[in-house]
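First the structure, in the form of structure tokens, and then the observations on it.
The values are calculated or read from the model by the stated rules, or taken from the named source; none is laboratory data. This structure is a prediction, so every number in the text was calculated from the model and none was measured. For neighbour counting, all protein chains shown are included, and Cβ atoms are generated from backbone atoms with ideal geometry for every residue, glycine included.
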Amino acid sequence: MGSFSGKRILVTGAGRGIGRAIALAFATEGADLILAARSTGELDEVAGEARALGRKADVVPTDLADRSAVEALAAHALETGGVDVMVSNAAFSPTPSPLLDLPMETWLKTFQVNVGAALILVKALAADMTARPGANIIIVSSIRGLGGTPFGGAYGSSKAALNQMVKTLACELGPQGVRVNAILPGPVLTQMTTDYLPDDKALFDYYGDIAPIKGWTKAEDMVAPALFLAGSGARKVTGHLLIVDGGLSATNQDAFPPPKLVAG
Ligand SMILES: NC(=O)c1ccc[n+]([C@@H]2O[C@H](COP(=O)([O-])OP(=O)(O)OC[C@H]3O[C@@H](n4cnc5c(N)ncnc54)[C@H](OP(=O)(O)O)[C@@H]3O)[C@@H](O)[C@H]2O)c1
């Protein structure tokens, strides 16, 4: 018996990185999973690992940029038994660019994937969640939503919008018994990061040691924060932005991306 036995957890971006780590942690704690992302192969692997733990795991291939696909994901979750914990984790991070040069289509896609899809899921699932004791929502945001993000303005703005949305939803859903919180990672060693950084060991090492707590943050470092926020020990925690960045946002030492990357 794990601490989430009998619970159903929906995770977007569950195929790799932070979403995969969080999904498998819930499965280890006894939960059944609804797994969404675009790449079926990666989702199947995660589902296979969850089933090996004795859990049920539904794979629902979904492009979060497609509103009807997101609605279909929510419908599937409701038809198959509802959701106790929704983890909105997937995100789109455009190629670095000054905001003035960013095509509006890219801005809109960033907001649709990162913010719009999360809200569509909440709108569809919230009524069912109010009937589930302990139901709650975790949004994987970013410390990029806390300040300006030169050359990553669409991503940073979308994360700032999520931080605001988390607090508003916490106020609106709290009286109905649904908690809403966010995890704000700093740089984490996942494919999103390796895609974003050029093939440059010096830059890679720079980010690995940029925070006061040295060494790359791993996807697994998001597991304990997620299990805490989702669990009964956090029953009075809502509207919280839980920063997990090794202390990076506590410093003034932030240059993301540094000039070298921008010049390239
Ligand atoms: N890595 C970091 O440094 C960092 C820092 C702060 C915050 N975060 C946040 O952490 C979350 C997870 O990032 P990560 O680093 O784990 O990234 P990742 O390893 O690249 O994984 C991203 C996941 O999201 C899915 N995804 C991406 N676009 C999607 C779309 N349009 N529709 C459905 N699924 C989509 C990917 O699968 P498919 O490509 O197959 O769809 C994948 O499963 C994101 O919200 C990110 O902003 C990451």
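Within the stretch 174-187, can you find the residues that are outside any loop (DSSP other than H, G, I, E, B), surrounded by fewer than 21 Cβ atoms within 10 Å (Cβ to Cβ) and in contact (Cβ under 8 Å) with a residue 12 or more places away in the chain?
Across the stretch 174-187, the qualifying residues are Gly174, Gln176.
Could you check the stretch 151-179 and list, in sequence order, the residues that are closer than 27 Å to Asp195 by Cβ and either among the aliphatic types (A, V, I, L, M) or away from the ligand (no atom under 16 Å from the Cβ) (or both)?
Once the filter is applied, which keeps residues that are closer than 27 Å to Asp195 by Cβ and either among the aliphatic types (A, V, I, L, M) or away from the ligand (no atom under 16 Å from the Cβ) (or both), the stretch 151-179 yields Ala154, Ala160, Ala161, Leu162, Met165, Val166.
Can you report the number of residues in the stretch 191-221 which are modelled with pLDDT of 95 or more and within 8 Å of the ligand (Cβ to nearest atom)?
The qualifying residues number 2.
Suppose we keep only residues that are touching a residue at least 40 places away in the same chain (Cβ under 8 Å) and over 18 Å from the mean Cα position of the chain (by Cα) within the stretch 2-30. Which one would you say is farthest from Pro61 (Cα to Cα)?
Ranking the candidates gives Ser3 first.
Name the residue, out of Ala14, Ala23, that is among the small types (Gly, Ala, Ser), within 17 Å of Ala219 (Cα to Cα) and in a loop (DSSP other than H, G, I, E, B).
Ala14
What number of residues within the stretch 26-47 satisfy the criterion of being closer than 21 Å to Glu79 by Cβ, within 14 Å of the ligand (Cβ to nearest atom) and outside any helix (DSSP H, G or I)?
5
Could you check the stretch 64-85 and list, in sequence order, the residues that are touching a residue at least 40 places away in the same chain (Cβ under 8 Å) and loosely packed, with under 15 Cβ neighbours inside 10 Å?
Arg67, Ala75, Leu78, Thr80, Gly81
Kindly indicate the residue of the stretch 133-145 that is within 16 Å of the chain's Cα centre (by Cα) and not small (Gly, Ala, Ser) and also nearest to the ligand (Cβ to nearest atom) among those meeting that condition.
Val140
Which of the residues belonging to the stretch 180-190 are of a type in the set (A, V, I, L, M, F, W, C) and within 11 Å of the ligand (Cβ to nearest atom)?
Answer for the stretch 180-190, where residues must be of a type in the set (A, V, I, L, M, F, W, C) and within 11 Å of the ligand (Cβ to nearest atom): Ala182, Ile183, Leu184, Val188, Leu189.
Among the residues of the stretch 107-122, is there at least one that is closer than 23 Å to His240 by Cα, surrounded by fewer than 23 Cβ atoms within 10 Å (Cβ to Cβ) and more than 13 Å from the ligand (Cβ to nearest atom)?
Yes, the conditions are met somewhere in the stretch 107-122.
Report whether or not Ala50 is more than 11 Å from the ligand (Cβ to nearest atom), more than 21 Å from Met192 (Cβ to Cβ) and outside any strand (DSSP E or B).
yes
Quick check, is Leu125 in contact with a Gly (Cβ under 9 Å, 6 or more places away or on another chain), more than 15 Å from the ligand (Cβ to nearest atom) and over 15 Å from Thr12 (Cβ atoms)?
Criteria not met by Leu125.
Could you please find all residues in the stretch 188-227 being in contact with a Ser or Thr (Cβ under 9 Å, 6 or more places away or on another chain) and loosely packed, with under 14 Cβ neighbours inside 10 Å?
Asp195, Pro212
Looking only at the stretch 34-49, which residues are surrounded by fewer than 24 Cβ atoms within 10 Å (Cβ to Cβ) and either within 24 Å of Ala234 (Cβ to Cβ) or at pLDDT below 95 (or both)?
Answer for the stretch 34-49, where residues must be surrounded by fewer than 24 Cβ atoms within 10 Å (Cβ to Cβ) and either within 24 Å of Ala234 (Cβ to Cβ) or at pLDDT below 95 (or both): just Ser39.
Just checking, which of Ala226, Ala234, Ala154 is within 14 Å of the chain's Cα centre (by Cα) and either within 22 Å of Ile138 (Cβ to Cβ) or modelled with pLDDT of 90 or more (or both)?
Answer to the check: Ala226.
Just to be sure I understand, how many residues within the stretch 93-122 are touching a residue at least 60 places away in the same chain (Cβ under 8 Å) and more than 30 Å from Gly177 (Cα to Cα)?
The total comes to 3.
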